[in-house]
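What follows is a single structure, written as structure tokens, with notes after it.
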Amino acid sequence: MDIEQMLLDLLQNNLVYLLAALLLVIVVFKSVKIVPQSEQHVVQRFGRLRAVLGPGINMIVPFIDHVAHRISILERQLPTASQDAITRDNVLVQVDTSVFYRIIEPEKTVYRIRDVDGAISTTVAGIVRAEIGKMDLDEVQANRSSLITTIKANVEDAVDNWGIEVTRAEILDVNLDAATRAAMMQQLNAERARRAQVTEAEGKKRAVELGADAELYASEQSAKARRVLADAEAYATEVVAKAIAEHGIEAAQYQVALKQVEALNALGNGTGKQTIVVPAAALEAFGDAFKLLKGRG
């Protein structure tokens, strides 16, 4: 009986220590909070914001403070959204957009907006419609990069109070209705036909210009040849005149005799068999020419 009483007393004393140790473990567990690198924890005290815990080991008051929200700070991508918009030239387009964002101030995101993804999607849709309404269809297609920059800046301003950073905004596609697409295709084909006609006309014009240039060049060369020949004849005449002036009639007779001999040689060098009938007076003239040439030689 005494042994049982002793064991009972020992168990009671140890139970107190065990309960104290268990309580200490619970207090430590409640006090120490380890936050992952990709998260931030929002701590409340009696329903009010107490602190925002960053990555690492953090201490809070147990049983008074508690982690109400665990917020991921990783970059997020909203699902691709399509919205209709009307351009300044009254063309209906369907724009596919996507937005990337991250939460940088969890306390604002938690207490100022309920559905952050839905709110951003609605904001983006309104901004896209407003910006496209300021542009013609050709400007939307040609200035897509500047349109994306404008949309991103406007979205950042709109969501600034939500503790969100918009990291990227993309316009994935701009689709047209069937009627507008058919009209644009007809316009494109007409433009291609016009360019082909212009190219053909320019080719013909160039050919005419080149032909005219060729004729002008031929005329210039012919005129140049005639000038050279005239200069040569003038020079020959001048030489003959000078020789006559210096040597008298003999120089003239010598030139006439030389031309007669050259003419006779040309007749004799013709192709085939030829019969030449020469008058007696011409023979006497050729004889005189040969004598004169022999005397000059």
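All of the numbers you see were taken from the coordinates with simple rules; none came from a lab. It should be emphasised that the depicted structure is a prediction, and the values quoted were computed from it without experimental measurement. No Cβ is skipped: glycine too gets one built from the backbone with ideal geometry, and neighbour counts run over all protein chains shown.
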Check: In nanometres, what is the gap between the two model label sites at MET59 and GLU165, each 7 Å from Cα along Cα-to-Cβ?
Finding: 3.0 nm
Notebook entry, point to check: Along the Cα-to-Cβ line of ARG192, 7 Å from the Cα, sits a label point; which residues in the range 137-169 have backbone N less than 17 Å from it?
Noted result: none
Checklist line | Rough spin-label spacing in nm, given labels placed 7 Å along Cα→Cβ, for GLU220 and ALA68 | finding: 9.4 nm
Item checked: Under Karplus coefficients 6.51, -1.76 and 1.60, residue-wise ³J(HN,Hα) of the range 143-149 in Hz, glycine/proline x -> 10, 5, 5, 5, 5, 4, 4
Next item on the list: Would you mind checking which residues have amide H under 5 Å from ARG76's amide H? H placed 1.01 Å from N; only 5 or more apart, or other chain.
Entry: TYR101, ARG102
Note to self: For the range 151-200 and the range 52-77, what is the centre-to-centre distance using only Cα atoms, to the nearest Å?
What the structure shows: 43 Å
Note to self: I need the peptides 47-59, 140-152 ranked by packing, meaning the mean over residues of other C-beta atoms within 10 angstrom, with the highest value on top.
What the structure shows: 140-152, 47-59
Checklist line | Extreme residue, positive dipole direction of the range 149-222, given options ALA179, ALA169, ALA201 (C-beta unit charges) | finding: ALA201
Note to self: Using the basic label-point model (7 angstrom from Cα toward the beta carbon), what is the ALA130 to LEU172 distance in nanometres?
What the structure shows: 2.4 nm
